[in-house]
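Following: one structure in structure tokens, then a few remarks.
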């Protein structure tokens, strides 16, 4: 059965967002969220109401050698908050170099471009119906 996914490239100042589905297995960028705190989660809540995703995907950064760092912990906390607030399944994807790749591909919004790459990586790594 086809399902819709929203993906997030977490950042302390901005969160990139992309949407895609398991049929096409492609992602399209949505406008990045550039607010913090409750306003950030309100904006995410509006996206969830609009797109009605079956699951959420969060990019989690690591050092090049795979070691975690401060932003790894922040992104994982964000993923737990999403699950707690919206009750949807949340999957994590290693997002090393996605912003750099998005920029090299000419993304106008690097964060949304990175969210697209995160979601497409998620689709590649998992067997989807």
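The values are calculated or read from the model by the stated rules, or taken from the named source; none is laboratory data. A quick note: this is a predicted structure, and the numbers were derived from the prediction, not measured. Every residue, glycine among them, receives a Cβ derived from its backbone with ideal geometry; neighbour counts consider all protein chains shown.
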Discussion item. If I ask for residues that are outside any helix (DSSP H, G or I) and surrounded by 17 or more Cβ atoms within 10 Å (Cβ to Cβ), which ones from the stretch 59-83 would you list?
Written reply: 59, 60, 61
Worksheet item: What number goes with the only condition from (1) outside any helix (DSSP H, G or I); (2) within 17 Å of residue 90 (Cβ to Cβ) that residue 47 does not pass?
Response: (1)
Worksheet item: Would you pick out the residues in the stretch 49-65 that are over 17 Å from residue 99 (Cα atoms) and in contact with a strand residue (DSSP E or B) (Cβ under 8 Å, 6 or more places away or on another chain)?
Response: 51, 52, 53, 54, 55, 56
Item to complete: Residue by residue through the stretch 15-32, note down the ones that are touching a residue at least 24 places away in the same chain (Cβ under 8 Å) and assigned to a strand (DSSP E or B).
Response: 15, 16, 17, 18, 19, 20, 27, 28, 29, 30, 31, 32
Item to complete: Just need a number here: residues in the stretch 87-103 that are in contact with a helix residue (DSSP H, G or I) (Cβ under 7 Å, 6 or more places away or on another chain), outside any helix (DSSP H, G or I) and modelled with pLDDT under 95.
Response: 1
Worksheet entry | Search result, residues across the stretch 5-40 that are touching a helix residue (DSSP H, G or I) at 6+ places or on another chain (Cβ under 6 Å) and surrounded by fewer than 18 Cβ atoms within 10 Å (Cβ to Cβ) | 25
Fill in: Single residue of 12, 98, 72 found to be more than 14 Å from residue 115 (Cβ to Cβ) and in contact (Cβ under 8 Å) with a residue 60 or more places away in the chain
12
